[in-house]
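**Q** Okay, here's the structure, questions in a sec.
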Amino acid sequence: MDSQWALEVMRKAPYITVSFVDAEGKAYGLPLSLASDNGVHWYFHGALEGKKLEAIVTHPDVCLSAVTRCTPTVGPKDGSFTLQYKSAIAFGRAEVVDDEEEKIHALRLICQRFLPAHMEAFEASIARSLGRTAVVRITLAEPPTGKRKQYDENGDELKYGAGI
């Protein structure tokens, strides 16, 4: 699937698994709540110290993986056990955001994505916790790619370019 389709999967995924390489060279992946306003820069927040931030210092290159509409199913035509899904993968470079204005922008994006009905509490929350919150920006190195396995109403598997 094309990159615009893959970006839509990333925007709709309840979380995106971000995979890091730690200082010892070991893989370290975890699901995070990311948000973006342009599809190139993706943000997450967390504590001011920890394994994610340590990994970024030594190995800033990361991999992002998102999945939506993941449903175990029986193939409608052949009875095979399978999984319907929409997925996206992207590669990027992570860095801690130091600029206060960009941190607030990123946190606003995250809040608007995950708690839009509570934006009235945003300013007070920023005033209370900005100084003890780390924000990380992941800049995608290239557009994401996507895959899917979905069936249409006739039980035919949707191929690349067919439907959404």
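**Q** So ILE164 clears everything in (1) modelled with pLDDT of 85 or more; (2) among the aliphatic types (A, V, I, L, M); (3) more than 18 Å from GLY29 (Cβ to Cβ) except one condition, right? Which one?
**A** Among (1) modelled with pLDDT of 85 or more; (2) among the aliphatic types (A, V, I, L, M); (3) more than 18 Å from GLY29 (Cβ to Cβ), the lone unmet condition for ILE164 is (1).
**Q** Out of everything in region 86-113 that is among the hydrophobic types (A, V, I, L, M, F, W, C) and assigned to a helix (DSSP H, G or I), what residue ends up being nearest to the chain's Cα centre (by Cα)?
**A** Among them, the one singled out is ILE110.
**Q** Additional query: Among the residues of region 1-21, write down those that are crowded, with 16+ Cβ neighbours inside 10 Å and either of a type in the set (Phe, Trp, Tyr) or assigned to a loop (DSSP other than H, G, I, E, B) (or both).
**A** MET1, TRP5, ALA13, PHE20, listed by residue number.
**Q** Scan region 119-159 residue by residue and report those that are of a type in the set (Gly, Ala, Ser), modelled with pLDDT of 90 or more and over 19 Å from GLU100 (Cα atoms).
**A** So the first thing to find is which residues in region 119-159 are of a type in the set (Gly, Ala, Ser), and the list is 121, 124-125, 127, 129, 131, 134, 141, 146, 155.
Those still in the list that are modelled with pLDDT of 90 or more too: 121, 124-125, 127, 129, 131, 134, 141, 146.
Within region 119-159, ALA141, GLY146 qualify.
**Q** If only one of HIS59, HIS41 is closer than 24 Å to GLN112 by Cα, touching a residue at least 12 places away in the same chain (Cβ under 8 Å) and not basic (Lys, Arg), which one is it?
**A** Numbers: HIS59 fails: closer than 24 Å to GLN112 by Cα.
Among HIS59, HIS41, only HIS41 is closer than 24 Å to GLN112 by Cα, touching a residue at least 12 places away in the same chain (Cβ under 8 Å) and not basic (Lys, Arg).
**Q** Any idea which residue in region 55-85 is nearest to LYS12 (Cα to Cα), counting only those that are in a strand (DSSP E or B) and β-branched (Val, Ile, Thr)?
**A** Filtering region 55-85 for residues that are in a strand (DSSP E or B) and β-branched (Val, Ile, Thr), the one nearest to LYS12 (Cα to Cα) comes out as THR68.
The values are calculated or read from the model by the stated rules, or taken from the named source; none is laboratory data. As the structure is a prediction and not an experimental result, all values here were calculated from the model. FYI the Cβ positions are ideal-geometry reconstructions off the backbone, even for glycines, and counts take in every protein chain you see.
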